[in-house]
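**Q** Sharing a structure with you now.
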């Protein structure tokens, strides 16, 4: 009897293991950026085996140790361009390969090299008969890639590089990647690249150039390993190096020499054919400080979402959507999340529509609007520069003696004494933190604007009403959103301290703000 | 015979139980009392100062704890309510720093404790509080088993008059028009009290105005059929120690089907099944009696027949015997006569 049971248990165990129900390798799969799952013939029919797991960086390293290079697997066509396909050329002029032919290319190509490497007594990959070592049903490696991007810092590294040759007769090297001036995005969006996966386009552009420079033993070249551009750690290293370079240059990245406008007057265009209106209509124009914003964003694509050659989306939503990262309002809203801004701005709900007064900060009415509508770009740019110069440079504050030095809060003395708040110190400290912010100086248009950060829901003034005039007993039926006076004080002060990430005074340290009543 | 009886009884029992349950389980929806109060706990406002615990201790005249209420190191351990602590604040790790949550009786709209208590010690008042009556409590602690939030605590150290201890929503204070102790003391107004339907609106409004600050869910709006004490939070609720697997069916509703079968089992089955059994037994008894009578009859009949046959056979045998004797005598006489005929000298043997 027991014998039968033991045998049954054994059979069950084998069956479960065969069905893959014991342990899941998928959960323990290690993540790497260079994992490529080879399932090339999937588009030609059903796969008999699961996709093969291929670790690209492992192979480049192994080949490098043997003194071999990309040519071992990647063919070059007659134009000298390296094909990113394995041991074959694919394209318009190449014959279509059948599934069997592709399978043979991979099997013969891979296994033969593995066998040769084994003969050299080096560490090698799976060979004939070890099918499931490549075609893993539960792959032990899973691809985990971050998007490789080109931000302004990396771009500077390229256009200031001595390794990339200058264009003929010019002192810039844009043509090395951007084939035609005026069509800089063409290398990505050209018709010749239509239908190709973007990874191929980018790899063909970037990796092949890096490789050729490495072959030429250039002093500095870019990475060719998958992980160097797509691995989270490596990307962080590159970003840190870039930041260091910027710091060494004085903290400011040199401007791209492409004759960008310094100032732009954003207003409705009117062609000369249309009849001139009697007076200017439409929203007042916005003087946009392009030079400043170039330095404030990571990449041109932050605003020029469709590329630097395409016309910008000038719809209302594109400029004003507070939830978008590429709209004016949205980007400014993101800036407001910094601790020094969030102290006041976190309390303001997004759903409260800004007042008309805030539109004027950007849309400043001009006197000669009707003339400007049909003026040339240079005239408009000049006008924009004037308007930008007229903006306040520094944050405006009320006069020092208009800011009370101490405010004694004694409206609810019970278990604790009245609180003596160092009001002026707090106001000046807040102002100090935002003194360098152009955004703050422009949008805090009046001296009393900063006061309204705490003295809210009332017109901005240097003599605001007492908190108790609106906040009284809690849990009344009239306005359920309004906290009572005690919670108003604590919520306002503690909320600001939390957003500014202040450790002192701790919210639970009551006596730091008001002494205990004896 | 016995097996068929048993199976028949089983079938009847099942059938009667089945016809009853749909009638009960298809219960009507009913809303909470319109005056039910609700309390909203906003986890983004709580700073873990424990003033609510201190207030609860004071208004309920509970004994002083080992560590004072301004000792915030107790937050390093997770605590639960016990017989001397009707509410606790626990600390959890959030995305941007510590997050705190106050734990106490949630005053469910359809309380599991009230449903489990068979002496009606728990009562859901019209103001929303779930009130406990210690005078009828027998100390079975089924309420502690039933509560999905594991809140009721028992005075195990009290030998003579132990009570179940849980938050009362300060029902006596509410009756006087005062606020519950914890709600009154919280410096941040992390606790907001009002009519339950208004509190839900307040919570929704807060989530709508600051969508990036809150998880879009009011815990307690529907959990376990709805509770009077609700929570909104910036962290997922499972991260602040709240069960998300409770479902929206209230505890009484979960058990109503099974409980509705009890009257059937206790009342109907003994009578019905006993009756069927009795009838069946009687039928057997009668059959048995008839069989016994029939056997007796048959025996008697057979006996009588046997007797008759015996006497007949005896008669026949006697006749046959007599005949034989006669035949023998005749034969002997004939022989004698024939011998006499041959020898006329011998005397006459025959008389």
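**Q** Could you list, in sequence order, the residues of the range B:155-171 that are under 15 Å from residue B:59 (Cβ atoms) and part of a loop (DSSP other than H, G, I, E, B)?
**A** From the range B:155-171, those under 15 Å from residue B:59 (Cβ atoms) are B:165-171; that's our starting set.
Those that are under 15 Å from residue B:59 (Cβ atoms) and part of a loop (DSSP other than H, G, I, E, B): B:166, B:167, B:168, B:169, B:170.
**Q** If you don't mind, there's one more thing I want to ask. Give me a count of the residues in the range B:186-201 that are over 36 Å from the mean Cα position of the chain (by Cα) and not in a helix (DSSP H, G or I).
**A** Summing the residues that are over 36 Å from the mean Cα position of the chain (by Cα) and not in a helix (DSSP H, G or I) in the range B:186-201 gives 9.
Let's see how each residue does on (1) surrounded by fewer than 14 Cβ atoms within 10 Å (Cβ to Cβ); (2) touching a helix residue (DSSP H, G or I) at 6+ places or on another chain (Cβ under 8 Å); (3) assigned to a loop (DSSP other than H, G, I, E, B):
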{"position": "A:460", "(1), (2), (3)": "no, yes, yes"}
{"position": "A:474", "(1), (2), (3)": "no, yes, yes"}
{"position": "A:483", "(1), (2), (3)": "no, yes, yes"}
{"position": "A:486", "(1), (2), (3)": "no, no, no"}
{"position": "A:489", "(1), (2), (3)": "no, yes, no"}
{"position": "A:494", "(1), (2), (3)": "no, no, no"}
{"position": "A:498", "(1), (2), (3)": "no, no, no"}
{"position": "A:505", "(1), (2), (3)": "no, yes, yes"}
{"position": "A:518", "(1), (2), (3)": "yes, no, yes"}
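**Q** A follow-up question, please. For the range B:220-229, which residues satisfy the criterion of being buried (at least 24 other Cβ atoms within 10 Å of the Cβ) and not in a loop (DSSP other than H, G, I, E, B)? Walk me through it before giving the result.
**A** Of the residues in the range B:220-229, the ones buried (at least 24 other Cβ atoms within 10 Å of the Cβ) are B:220, B:223-224, B:227-229.
The answer is B:223, B:224, B:227, B:229.
**Q** When only residues in the range B:172-185 that are assigned to a loop (DSSP other than H, G, I, E, B) and touching a strand residue (DSSP E or B) at 6+ places or on another chain (Cβ under 9 Å) count, which is nearest to the other protein chains (Cβ to nearest Cβ)?
**A** Here the answer is B:179.
**Q** Let me ask something else. Being surrounded by 10 or more Cβ atoms within 10 Å (Cβ to Cβ), without any contact (Cβ under 8 Å) to a residue 40 or more places away in the chain and either over 20 Å from residue A:206 (Cβ atoms) or within 33 Å of the chain's Cα centre (by Cα) (or both), is that true of even one residue in the range A:26-35?
**A** No; the residues of the range A:26-35 include none that is surrounded by 10 or more Cβ atoms within 10 Å (Cβ to Cβ), without any contact (Cβ under 8 Å) to a residue 40 or more places away in the chain and either over 20 Å from residue A:206 (Cβ atoms) or within 33 Å of the chain's Cα centre (by Cα) (or both).
**Q** How many residues does the range A:166-203 contain that are within 30 Å of residue A:64 (Cβ to Cβ) and either loosely packed, with under 11 Cβ neighbours inside 10 Å or touching a helix residue (DSSP H, G or I) at 6+ places or on another chain (Cβ under 9 Å) (or both)? Outline the logic, then answer.
**A** Here is the first cut: in the range A:166-203, the ones within 30 Å of residue A:64 (Cβ to Cβ) are A:173, A:176-177, A:187-188, A:193, A:196-203.
Adding the requirement that they be either loosely packed, with under 11 Cβ neighbours inside 10 Å or touching a helix residue (DSSP H, G or I) at 6+ places or on another chain (Cβ under 9 Å) (or both) leaves A:173, A:176-177, A:187-188, A:193, A:196-198, A:200-202.
The qualifying residues number 12.
**Q** So which residues in the range A:339-355 are away from chain B (no Cβ under 14 Å), part of a loop (DSSP other than H, G, I, E, B) and surrounded by 13 or more Cβ atoms within 10 Å (Cβ to Cβ), if there are any at all?
**A** A:354
**Q** Read through the list (1) part of a helix (DSSP H, G or I); (2) modelled with pLDDT under 90; (3) surrounded by 14 or more Cβ atoms within 10 Å (Cβ to Cβ), then give the number of the only condition that residue A:305 fails.
**A** The number of the failed condition is (1).
Let's see how each residue does on (1) part of a helix (DSSP H, G or I); (2) out of contact with any strand residue (DSSP E or B) (no Cβ under 8 Å at 6 or more places or on another chain); (3) outside the structural domain of residue A:171 (by TED's automatic domain parsing):
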{"residue": "A:228", "(1), (2), (3)": "yes, yes, no"}
{"residue": "A:239", "(1), (2), (3)": "yes, yes, no"}
{"residue": "A:278", "(1), (2), (3)": "no, yes, yes"}
{"residue": "A:293", "(1), (2), (3)": "yes, yes, yes"}
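**Q** Something else now. Kindly indicate whether residue A:378 is out of contact with any strand residue (DSSP E or B) (no Cβ under 9 Å at 6 or more places or on another chain), loosely packed, with under 15 Cβ neighbours inside 10 Å, away from chain B (no Cβ under 14 Å) and assigned to a helix (DSSP H, G or I). Steps first, please.
**A** On the way: out of contact with any strand residue (DSSP E or B) (no Cβ under 9 Å at 6 or more places or on another chain): yes; loosely packed, with under 15 Cβ neighbours inside 10 Å: yes; away from chain B (no Cβ under 14 Å): yes; assigned to a helix (DSSP H, G or I): yes.
So residue A:378 fits the description; yes.
**Q** Return the total of residues in the range A:144-183 being over 21 Å from the mean Cα position of the chain (by Cα) and outside any helix (DSSP H, G or I). Break it down stepwise before answering.
**A** If we filter the range A:144-183 for residues that are over 21 Å from the mean Cα position of the chain (by Cα), which is where we start, we get A:159-183.
Add one more test, that the residue is outside any helix (DSSP H, G or I), and what stays is A:160-173, A:177-183.
Count: 21.
**Q** Another question, if that's okay. Can you pull out the residues in the range B:37-51 that are more than 37 Å from the chain's Cα centre (by Cα) and either under 13 Å from residue B:84 (Cα atoms) or more than 13 Å from chain A (Cβ to nearest Cβ) (or both)?
**A** At the first step, the residues of the range B:37-51 found to be more than 37 Å from the chain's Cα centre (by Cα) are B:42-51.
Of everything in the range B:37-51, just one residue is more than 37 Å from the chain's Cα centre (by Cα) and either under 13 Å from residue B:84 (Cα atoms) or more than 13 Å from chain A (Cβ to nearest Cβ) (or both), namely B:43.
**Q** Report the residue count in the range B:186-211 for those that are touching a residue at least 60 places away in the same chain (Cβ under 8 Å) and within 7 Å of chain A (Cβ to nearest Cβ).
**A** Qualifying residue count, the range B:186-211: 8.
**Q** Within the range A:487-515, track down each residue that is farther than 17 Å from residue A:429 by Cβ, more than 8 Å from chain B (Cβ to nearest Cβ) and in contact with a strand residue (DSSP E or B) (Cβ under 7 Å, 6 or more places away or on another chain).
**A** A:489, A:514, A:515
**Q** Can you confirm whether residue A:234 is at pLDDT below 80, crowded, with 16+ Cβ neighbours inside 10 Å, over 25 Å from residue A:90 (Cα atoms) and outside the structural domain of residue A:80 (by TED's automatic domain parsing)? Let's see the steps before the verdict.
**A** On the way: at pLDDT below 80: no; crowded, with 16+ Cβ neighbours inside 10 Å: yes; over 25 Å from residue A:90 (Cα atoms): yes; outside the structural domain of residue A:80 (by TED's automatic domain parsing): yes.
Here the answer is no, as residue A:234 does not meet what is asked.
**Q** Right, here's the next one. Based on this model, can you work out whether residue B:68 counts as over 38 Å from the mean Cα position of the chain (by Cα), within 25 Å of residue B:214 (Cα to Cα) and within 14 Å of another protein chain (Cβ to nearest Cβ)? So that I can check it myself, show each step before the final result.
**A** Working: over 38 Å from the mean Cα position of the chain (by Cα): yes; within 25 Å of residue B:214 (Cα to Cα): no; within 14 Å of another protein chain (Cβ to nearest Cβ): yes.
The answer is no for residue B:68.
**Q** Just the residues that are without any contact (Cβ under 8 Å) to a residue 40 or more places away in the chain and in a loop (DSSP other than H, G, I, E, B), please, taken from the range A:121-143.
**A** Scanning the range A:121-143 gives A:121, A:124, A:125, A:126, A:127, A:128, A:129, A:130.
The values are calculated or read from the model by the stated rules, or taken from the named source; none is laboratory data. All values derive from a computational prediction rather than experimental measurement. Cβ coordinates were reconstructed from backbone atoms using ideal geometry, including for glycine residues, and neighbour counts include every protein chain displayed.
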